[in-house]
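The values are calculated or read from the model by the stated rules, or taken from the named source; none is laboratory data. Keep in mind the model is a prediction, meaning the values are calculated, not measured. Because the Cβ atoms are built from the backbone with ideal geometry, glycine has one as well, and the counts that use them run over all protein chains shown. Side chains are part of the model used for accessible areas, which takes the heavy atoms of the whole protein and leaves out ligands, DNA and RNA. Shrake-Rupley method; radii C 1.70, N 1.55, O 1.52, S 1.80 Å.
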Amino acid sequence: VVSTQSTGGKIGDIPTDAMTLNRFVMEEQMKHPGASGSLTLLLSSLCTACKATEAAVRKAGIAQLYGIAGDTNSTGDEQKKLDVLANDLFVNLLKSSYQTCAMVSEENEHMIEVPVAKHGRYIVCFDPLDGSSNIDCLVSIGSIFGIYKREKDGPVSTEDCLLPGNKLVAAGYCVFGTACMMVLSTGNGVNGFTLDPSIGEFILTAANMTIPTKGKIYSTNEGNCQYLDNKLQRYLNDCKFPKSGKPKAARYVGSMVADVHRTICYGGVFMYPANSTAANGKLRLLYECNPMSYIVEQAGGKAVTGRGEERVLDVVPTKLHERCPIYLGSSDDIDVILSYLNDGE
């Protein structure tokens, strides 16, 4: 006789009381008696967009979705077929959520205005598929999003979207790697949810994620080293040839989602700094730097621009696709980098 008695929320190896992403968000909502549920519905739509994108990524080779779509996006990067598909999924699902009034996507030059009949209270900025250059070689890629609450009434304009990251109400990313994980913060810490393909739900697997205060890894594109400031070159050289102890390990994937996720898990620093060929670096503020900086700070880390002590989240954007230099990761490691950058030498 096989017992079917539930023990600790399980029957055998099957959980019967799993904390799904939707359940988690609803429980967070219940902690705020005045909450309308709008953010919960919006996050549910984003969750669906990520699951649909993950499904497309998994079968891209079979469905002939690899390769270039034949166009460039708002920032001049070649669009891959999966870029276009992921963008359509995000835009359509967010519009149909009835919780957004405007969107900013890496793939669209202008603000995406939602029809008035479907208007909601939120503005969503997103990179539907980060790491496009790695799509065809099966390296980890992902999606990034940040959510703002609109600050005024009336017709929506581009200016409504030009908000600093310190006004985010939620942010997250979804990494498509050996597993599919959604990492989310609504301003009360960071939690990770792994997609269980057997039931099609994100399950809480990494509660209260925190980044180590110090790490052994640095992550940057050292191919650009010749264009970097002398102070930063000195920092990188000291990482490799320290005066004492072991050198730091270099790890760089080229997908921001993958590099930042590893940094949160293991500690260390990820950076895409300004250089002599790109005065503001490469990464975009609204839908790459801000959401990731928000998550890293919520996990106990730091995210700065390298301009004095300026936080990335305090930068006020002046255009939709504005770029911003970024250094993020373990607090002690960021302090060390700032000591090099602020050295009067």
Most mobile listed residue (25, 116, 156) in the chain, GNM with C-alpha springs under 10 Å: 116
Can you give me the C-alpha center-to-center distance between the range 118-172 and the range 215-255, rounded to a whole angstrom? 30
Where does the charge balance sit around residue 236 when Lys and Arg score +1, Asp and Glu -1, over other residues with C-beta under 12 Å from its C-beta? +1
Check the straight Cα-Cα distances from residue 282 and name the lysines below 28 Å, setting aside those fewer than 8 residues away within the same chain. 51, 80, 81, 149, 167, 214, 216, 231, 240, 248, 302, 319
Taking only C-alpha pairs under 8 Å that are 6+ residues apart, what is the relative contact order of the chain in percent? 15
Tell me what the chain gives for mean residue ellipticity at 222 nm when only DSSP H runs of n ≥ 4 count, each as -39,500 (n - 2.57), the sum divided by the residue total, rounded to 500 deg cm²/dmol. -8000 deg cm²/dmol
Given [x] 75, 48, 35; [y] 69, 60, 47; [z] 64, 62, 38, the label whose value is Cα extents along the principal axes in Å derived from this model: [y]
Going Cα to Cα from residue 95, which aspartates and glutamates come in below 12 Å? Please leave out same-chain ones fewer than 8 positions away. 113
Quick one: accessible surface of residue 151, probe radius 1.4 Å, all protein chains present, in square angstrom to the nearest 10. 120
Which trypsin sites (Lys or Arg not before Pro) in the range 185-232 pass both tests, a DSSP loop state and at most 14 other beta-carbon atoms within 10 Å? none
Taking Cα pairs closer than 8 Å and at least 6 residues apart, the relative contact order of the range 100-162 in percent is 32
Taking the Cβ of residue 59 as the centre, find all other residues whose Cβ is under 14 Å away and add up their charges (Lys, Arg: +1; Asp, Glu: -1). +2
Report the charge-dipole magnitude of the chain in Debye, nearest 20, computed about the Cα centre from +1 at each Lys and Arg Cβ and -1 at each Asp and Glu Cβ. 560
Quick one: among 200, 215, 154, which has the greatest mean-square fluctuation in a GNM of the chain with alpha-carbon springs under 10 angstrom? 154
